[in-house]
C-alpha cells in the first residue's frame with residue numbers, strides 16, 4: 001500500500017516538474033522572441049531614421065527595409081505556429097544578395113565575378129525555395145494535414 005502511494009506521489013511530482021519545466025521553456029521562448037522582435041524593430045527604425053537624415057533613399061536602402069519586414073513577418077509566423085518558416089530565411093538571403101549586387105554595381109561600373117557568383121547563389125536559393133514549397137505541398141506534415149484542408 002505504501003509503495004503504491006510513493007509511486008503515485010512520484011508520478012505527481014514528475015508531472016508537476018514537467019509542467020513547470022514546460023512553462024519555463026515557453027516563458028523563455030516568448031521572451032526571446034520579443035527580444036528578437038524588439039531588436040529588429042529598433043534596428044529598422046534606426047536604419048530608416050538614417051535614410052531620412054541623409055535625405056536620400058537608394059535601392060539598397062529600400063531592400064534593407066524589405067529585409068527587416070521579412071524578418072518581422074518571420075518572427076510573427078513563428079509566434080503563431082511555433083515553426084521556423086525556412087522559406088522566409090531564403091527570401092531574406094535572396095534580398096540580401098540582391099542588395100549586395102546593387103551595391104556592387106553602384107561601386108564598380110563593370111561586371112565582375114562577384115556579381116555572377118551572387119546571381120548564381122540567388123538562382124540556387126530560388127530553386128531551393130521551389131523544392132521546399134513543392135515538397136511541403138506534396139508531402140505535408142501530419143499537423144498540416146489536420147489543420148489545413150487541402151483541396
message = When you scan the range 48-69, do you find a residue that is over 30 Å from residue 101 (Cα atoms) and under 25 Å from the mean Cα position of the chain (by Cα), even just one?
response = no
task = Scan the range 72-112 for residues that are part of a loop (DSSP other than H, G, I, E, B) and over 25 Å from residue 131 (Cβ atoms) and jot them down.
result = 108, 109, 110, 111, 112
ask   = Conditions: (1) modelled with pLDDT of 85 or more; (2) touching a helix residue (DSSP H, G or I) at 6+ places or on another chain (Cβ under 9 Å). Residue 84 meets all but one. Number of the miss?
value = (1)
query = Do the conditions hold for residue 69, that is, is it assigned to a helix (DSSP H, G or I) and either within 28 Å of residue 141 (Cβ to Cβ) or at pLDDT below 90 (or both)?
reply = yes
request  = Evaluate the range 91-113: report whether one residue or more is on the phi > 0 side of the Ramachandran plot and without any contact (Cβ under 8 Å) to a residue 40 or more places away in the chain.
outcome  = no
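The values are calculated or read from the model by the stated rules, or taken from the named source; none is laboratory data. No experiment lies behind these values; they were computed from the predicted model shown. Cβ sites come from the backbone with ideal geometry, for glycine too, and all protein chains shown count toward neighbours.
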